[in-house]
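Asker: Structure below; questions to follow.
The values are calculated or read from the model by the stated rules, or taken from the named source; none is laboratory data. It should be emphasised that the depicted structure is a prediction, and the values quoted were computed from it without experimental measurement. Methodologically, a virtual Cβ is constructed for each residue, glycine included, from the backbone with ideal geometry; neighbour enumeration extends over all protein chains shown. Side chains are part of the model used for accessible areas, which takes the heavy atoms of the whole protein and leaves out ligands, DNA and RNA. Shrake-Rupley method; radii C 1.70, N 1.55, O 1.52, S 1.80 Å.
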Amino acid sequence: MSFRFSVALLLAALGQGAPSEMTTEDILDRHFEALGGRHRLEAIRTLEKAGTYVYNGQEHPLRSFHLVGNKYREEIDGLVIWGASVKEGHSVIRGADGTTYWVVDDTRYGRFREVANARASLTIADADLQGALFDHERKGHVITYDGLGDVEGASAHRLRVTLPSGFELVHFLDETSFLVLKKEVVTKEGARDLEHPRAWFYEDYRAVDGVLFPFWIYVEEPIFSREYVFDSIVANPSLDESIFEAPPDAIKSP
Amino acid sequence: MVGRCSILSAACVLAAASFALPGDWQQFRGPGRDGKSEETGLSRMFGPTGARELFRVPIGAGFASVSVVGERLFTMDSDGSSEYALCLDAVTGETLWRVAIGPVFEEIQGDGPRSTPTVDGDRVFVLGSRGRLAALERETGETLWELELSAAFGSELPTWAFSSAPMVDGERLIVEVGGSAGRAVAALEKATGEVVWTSQSSSLAYSSPIQVSFAGAKQYVFLLQDKLTGLDTEGRELWSVPFEPRNEITPASPVFIEPDLILASASYDIGAKVVRLSREGDGVTATEVWSGRQMRNHFNATVALDGHVYGFDTGTLRCLDARTGEPRWAKRGLGKGSLISADGMLVVLSERGKLVLVEATPDAYRELGSLQVLEGRSWTPPSLANGRLYLRNHTELVSVELKP
């Protein structure tokens, strides 16, 4: 064994520890430390984001508002779901009040108006401002460590988060930075109960009030994927809670 | 007899090639229908001393890409009522002729023609999205013959319209026609449009066939709605493997990976399948080598280079080892784009109209330069002819000079 290789092994052993020796709690501790600390994340109760929503090759101005308790609202200008055009003067507005997902959208050509319960449930879960890993026991999330995996060549710890709804969201945490690179889930949707895989990819982490948030999110779906490119994220703005309630003309699910 | 046939075949090839010269891009995905250009000496940067815009002209809605022979380019577009075949000056963008091909196809993902013209000798073969196949005189656009696929083959208008690009082989025109009962694909006399043979009963699947030379024999490879198959030049099936996409949509062309692999890919979470062709007695068999979700082409096909494939796995540009499917690198942020290869580069058009030059290497994604060429959604793949790149969307056609 060469001297250089021996030193490398020693450094690895003294460093972050062999992945197999890490526990779920170890990984979570490193994750929240990397984000900026649990206390800082807990102090963030609301977020306001602005940027661009990219869908089907079109860019749309985006504003979104988030409140702890799985409440969110996003307003996307000119968006035509399933369409190829930008509809000026129109916005798709959708959100969740913590238990119900809702959409206001009059551009669907009378089609695709229903929102599958699985999609709604996942969207509500994803509206957790602090993420599914934070305070997971109180939320009823069961987390197990699935060992190391791979995200486009980057080694990552895989944490399987089972939600009370039964959905299993596998989080991939970069082995070095402990930031979430990817999250994936498979649901069954539609009349034929087809498997519907989704994956979220996170990049461009920047500090907001001392906590790292991804400023680029890519949501991969079998048909239409989408990107969120944020120009700004503001922590703890004052928000009127009524904005998270479904408007009278909204389609709601479940 | 064998000798005579060989001499005749060689003569036919020479005749067919008499108008298409090195550097031309006479059909969908280029000379080999594989997205590869043989051009060299191309610029690797943009700006005054590098690649620069040559012309920009308005164009109607459509997804047809550009075919180029000499100083003329051919494509298709539409207005609110009709679809058209177009001939433009390849250097200035001036319209030389515009011929109506049939009523427009309208759909929320985009109106107009999907198929790309094929230029062969003094003819241009076009397929309107409602199924009118026509041979046009190259110089004038005059119609030499035409037929309606519905009348000739019992074809029904598919959900996303007729999209396949016609393919010339010698004196024949090979087309996915989507007919019923053994008439899914057809060979026609290119001079007259007379039907020579039909084959296959699978439904139409929107992709364009390729020609493959394997074990000393030519075959046509089709990706149909339920299978990937190779036919001999008389339409007899040599081999097939099941390929059943979700939603029955496989627009991306099959890709030949020399010397013996064929890749098929589809989106909607289907993925890719690579088969190996083998000679078995007088026949050819195809055996699956690998399959997986790591390359899900939504509509634009991959490019195979030096044992690797480069393509859009829905919204992620990926490089995979062609023989194993092992990922080599991935790049997001380009949407469901398209690409061709030339001079050691990948010439990539992002879904939002950004032209990106990328080093064609499996080692890593290395961007050489980029230029925002088109605004809005751009699903049509680039064409490269005589040092000039041609890019379009539903409103503009742009040429970028890549020769410094």
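Asker: Quick check on my filter: what residues within region B:179-212 are within 18 Å of the chain's Cα centre (by Cα), open to solvent by 10 Å² or more (accessible area, probe 1.4 Å) and at pLDDT 95 or above?
Answerer: Answer for region B:179-212, where residues must be within 18 Å of the chain's Cα centre (by Cα), open to solvent by 10 Å² or more (accessible area, probe 1.4 Å) and at pLDDT 95 or above: just B:Gln211.
Asker: Mind counting the residues in region B:75-110 that are touching a residue at least 60 places away in the same chain (Cβ under 8 Å) and in contact with a Phe, Trp or Tyr (Cβ under 7 Å, 6 or more places away or on another chain)? Even if it seems obvious, please write down each step before you answer.
Answerer: Step one: filter region B:75-110 for residues touching a residue at least 60 places away in the same chain (Cβ under 8 Å), giving B:75, B:88, B:90-91, B:93, B:110.
From what is left, the residues that are in contact with a Phe, Trp or Tyr (Cβ under 7 Å, 6 or more places away or on another chain) are B:93, B:110.
Looking only at that region, the number is 2.
Asker: Here are some residues: A:Ala118, A:Ala154. Which one is closer than 29 Å to B:Leu320 by Cβ and either modelled with pLDDT under 95 or polar (S, T, N, Q) (or both)?
Answerer: Working: A:Ala118 fails: closer than 29 Å to B:Leu320 by Cβ.
It is A:Ala154.
Asker: Quickly run through region A:187-202 and pick out the residues that are at pLDDT below 90 and either closer than 16 Å to A:Val161 by Cα or more than 10 Å from every other protein chain (Cβ to nearest Cβ) (or both).
Answerer: First, pick out the residues of region A:187-202 that are at pLDDT below 90: A:187-197.
Selection gives A:Thr187, A:Lys188, A:Glu189, A:Gly190, A:Ala191, A:Asp193, A:Pro197.
Asker: When residues of region B:25-58 are filtered for being outside any strand (DSSP E or B) and under 30 Å from B:Val175 (Cα atoms), how many remain?
Answerer: So the count comes out to 12.
Asker: Just wondering, is there one or more residues in region A:170-191 that are of a type in the set (Asp, Glu), under 19 Å from A:Arg119 (Cβ atoms) and touching a His at 6+ places or on another chain (Cβ under 9 Å)?
Answerer: So far as region A:170-191 goes, yes, one or more of its residues are of a type in the set (Asp, Glu), under 19 Å from A:Arg119 (Cβ atoms) and touching a His at 6+ places or on another chain (Cβ under 9 Å).
Asker: Looking at region A:135-182, which of its residues are open to solvent by less than 20 Å² (accessible area, probe 1.4 Å), among the aromatic types (Phe, Trp, Tyr) and either more than 12 Å from A:Ile27 (Cα to Cα) or within 14 Å of chain B (Cβ to nearest Cβ) (or both)?
Answerer: Matches in region A:135-182: A:Phe172 only.
Asker: Sticking with this one: Taking B:Gly50, is it buried (at least 17 other Cβ atoms within 10 Å of the Cβ), farther than 26 Å from B:Ser129 by Cβ and under 20 Å from the mean Cα position of the chain (by Cα)?
Answerer: Details: buried (at least 17 other Cβ atoms within 10 Å of the Cβ): yes; farther than 26 Å from B:Ser129 by Cβ: yes; under 20 Å from the mean Cα position of the chain (by Cα): no.
No, not satisfied.
Asker: Can B:Thr395 be described as out of contact with any Asp or Glu (no Cβ under 9 Å at 6 or more places or on another chain) and either among the basic types (Lys, Arg) or modelled with pLDDT of 95 or more (or both)?
Answerer: Working: out of contact with any Asp or Glu (no Cβ under 9 Å at 6 or more places or on another chain): no; either among the basic types (Lys, Arg) or modelled with pLDDT of 95 or more (or both): yes.
Spelling it out, it is not the case that B:Thr395 is out of contact with any Asp or Glu (no Cβ under 9 Å at 6 or more places or on another chain) and either among the basic types (Lys, Arg) or modelled with pLDDT of 95 or more (or both).
Asker: A further question on this structure: Output the residue which, of all residues in region B:159-178 that are among the aliphatic types (A, V, I, L, M) and farther than 15 Å from B:Gln27 by Cα, is surrounded by the most Cβ atoms within 10 Å (Cβ to Cβ).
Answerer: Restricting to residues being among the aliphatic types (A, V, I, L, M) and farther than 15 Å from B:Gln27 by Cα, the top hit is B:Val177.
Asker: What are the residues in region B:366-385 that are open to solvent by 50 Å² or more (accessible area, probe 1.4 Å) and assigned to a loop (DSSP other than H, G, I, E, B), if any?
Answerer: B:Arg366, B:Glu375
Asker: For the subset of region B:323-346 comprising residues that are part of a strand (DSSP E or B) and either among the β-branched types (Val, Ile, Thr) or within 14 Å of chain A (Cβ to nearest Cβ) (or both), which member is nearest to A:Glu203 (Cα to Cα)?
Answerer: My answer is B:Arg332.
Asker: Kindly check whether there is at least one residue in region B:240-247 that is modelled with pLDDT under 95, of a type in the set (D, E, K, R), on the phi < 0 side of the Ramachandran plot and in a loop (DSSP other than H, G, I, E, B).
Answerer: Restricting attention to region B:240-247, the residues satisfying the condition of being modelled with pLDDT under 95 are B:242-247.
Still in the list and also of a type in the set (D, E, K, R): B:244, B:246.
Filter once more, so that each one left must be on the phi < 0 side of the Ramachandran plot: B:244, B:246.
Pick out the ones that are also in a loop (DSSP other than H, G, I, E, B) and you get B:244.
Yes, region B:240-247 contains a residue that is modelled with pLDDT under 95, of a type in the set (D, E, K, R), on the phi < 0 side of the Ramachandran plot and in a loop (DSSP other than H, G, I, E, B).
For (1) in contact with a Leu (Cβ under 8 Å, 6 or more places away or on another chain); (2) farther than 14 Å from B:Arg323 by Cα; (3) of a type outside the set (Phe, Trp, Tyr); (4) open to solvent by 50 Å² or more (accessible area, probe 1.4 Å), each residue gets a yes or a no:
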{"residue": "B:Pro251", "(1), (2), (3), (4)": "no, yes, yes, no"}
{"residue": "B:Leu277", "(1), (2), (3), (4)": "yes, no, yes, no"}
{"residue": "B:Glu280", "(1), (2), (3), (4)": "no, yes, yes, yes"}
{"residue": "B:Thr285", "(1), (2), (3), (4)": "yes, yes, yes, no"}
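Asker: Just to be sure before I move on: is B:Arg352 farther than 24 Å from A:Pro197 by Cα, assigned to a loop (DSSP other than H, G, I, E, B), away from chain A (no Cβ under 14 Å) and open to solvent by 20 Å² or more (accessible area, probe 1.4 Å) in the structure I sent?
Answerer: The answer is no for B:Arg352.
Asker: Identify, please: which residue in region B:89-118 is open to solvent by less than 10 Å² (accessible area, probe 1.4 Å) and part of a strand (DSSP E or B) and is, among those, nearest to the other protein chains (Cβ to nearest Cβ)?
Answerer: The selected residue is B:Ile101.
Results for (1) closer than 15 Å to A:Val103 by Cβ; (2) touching a residue at least 40 places away in the same chain (Cβ under 8 Å); (3) of a type in the set (Ser, Thr, Tyr), shown as yes or no for each residue.
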| site | (1), (2), (3) |
| --- | --- |
| A:Leu212 | no, yes, no |
| A:Tyr218 | no, no, yes |
| A:Ile233 | no, yes, no |
| A:Asn236 | no, yes, no |
| A:Glu241 | no, yes, no |
| A:Ala246 | yes, yes, no |
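Asker: To continue, here is another question. Within region B:368-400, which residues are charged (D, E, K, R) and either without any contact (Cβ under 8 Å) to a residue 24 or more places away in the chain or more than 14 Å from every other protein chain (Cβ to nearest Cβ) (or both)?
Answerer: B:Glu375, B:Arg388, B:Glu396
Asker: Which count do you get for residues in region A:203-254 that are within 14 Å of another protein chain (Cβ to nearest Cβ), within 18 Å of A:His31 (Cβ to Cβ) and open to solvent by 30 Å² or more (accessible area, probe 1.4 Å)?
Answerer: 2
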